[in-house]
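Notes for the one structure printed next.
The values are calculated or read from the model by the stated rules, or taken from the named source; none is laboratory data. In this text, all values refer to a predicted model and were calculated from it rather than measured experimentally. Because the Cβ atoms are built from the backbone with ideal geometry, glycine has one as well, and the counts that use them run over all protein chains shown.
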């Protein structure tokens with residue numbers, strides 16, 4: 001817990017300093033508008049999320065969801081970039097099998113180690129703590145370019161859906177990733193998931209880093 005607090009404070013200080021610089025005036029760079037992913041029906045939450053909620057019930061509270069979309073102002077864009085890069089470089093990649101001795105375990109990486117979904121969960125937690133709407137920060141499961149299960153964080157904005165990924169510090173639109181999108185959380189509740197393709201819903205996402 002102590003390490004988690006230090007992590008958050010480090011990111012918070014970084015974001016505060018960045019907001020104060022000249023680079024984040026109203027005309028600062030923000031990304032081009034991208035598309036929004038369309039859901040094609042609800043489905044049960046994956047095992048990894050259900051198990052995570054058992055261990056961290058406070059992370060799954062849907063009583064104060066917030067707006068389903070974030071206004072992508074320059075300071076918010078920089079916050080996303082800062083958090084994405086910070087977590088990507090701070091957490092040591094390790095598979096759940098090596099870390100915990102199990103195939104799949106979703107966790108907040110308070111010990112500084114984790115795999116793809118743990119990176120995404122920490123980014124989600126930090127961005128919520130920085131007052132971004134939980135309903136616009138959606139855990140997402142995809143197949144990567146090697147056709148392996150992979151977890152990322154989708155940020156739903158007024159300029160489209162952007163992806164925070166532990167595989168790159170570059171934040172891009174969901175269609176630019178080259179991934180096949182399978183399912184993600186609904187903006188109505190973190191415990192409701194929606195299908196994004198016709199692929200099987202229950203896939204293991206943490207067998208690789």
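Observations
- Residue in the range 40-48 that is surrounded by 13 or more Cβ atoms within 10 Å (Cβ to Cβ), more than 20 Å from residue 128 (Cβ to Cβ) and at pLDDT below 80 present: no
- Test result for residue 76, under 16 Å from residue 138 (Cα atoms), touching a strand residue (DSSP E or B) at 6+ places or on another chain (Cβ under 8 Å), modelled with pLDDT of 80 or more and not in a loop (DSSP other than H, G, I, E, B): no
- Which numbered condition residue 10 fails, given (1) out of contact with any helix residue (DSSP H, G or I) (no Cβ under 6 Å at 6 or more places or on another chain); (2) at pLDDT below 80; (3) assigned to a loop (DSSP other than H, G, I, E, B): (3)
- Residue that is modelled with the lowest pLDDT [pool: residues in the range 61-70 that are part of a loop (DSSP other than H, G, I, E, B) and within 17 Å of the chain's Cα centre (by Cα)]: 65
- Residues of the range 83-136 that are assigned to a loop (DSSP other than H, G, I, E, B), in contact with a helix residue (DSSP H, G or I) (Cβ under 9 Å, 6 or more places away or on another chain) and without any contact (Cβ under 8 Å) to a residue 12 or more places away in the chain: 102 alone.
- Qualifying residue in the range 95-105 (condition: surrounded by 15 or more Cβ atoms within 10 Å (Cβ to Cβ), under 17 Å from the mean Cα position of the chain (by Cα) and closer than 19 Å to residue 164 by Cβ): no
- The residues on offer are 142, 156, and the sole one that is modelled with pLDDT of 95 or more, closer than 23 Å to residue 61 by Cβ and in a strand (DSSP E or B) is 156.
- A count restricted to the range 162-180 and to residues that are part of a strand (DSSP E or B) and surrounded by 22 or more Cβ atoms within 10 Å (Cβ to Cβ) stands at 4.
- Filter result for residue 37 (in contact with a helix residue (DSSP H, G or I) (Cβ under 6 Å, 6 or more places away or on another chain), modelled with pLDDT under 95, assigned to a loop (DSSP other than H, G, I, E, B) and within 19 Å of residue 192 (Cα to Cα)): yes
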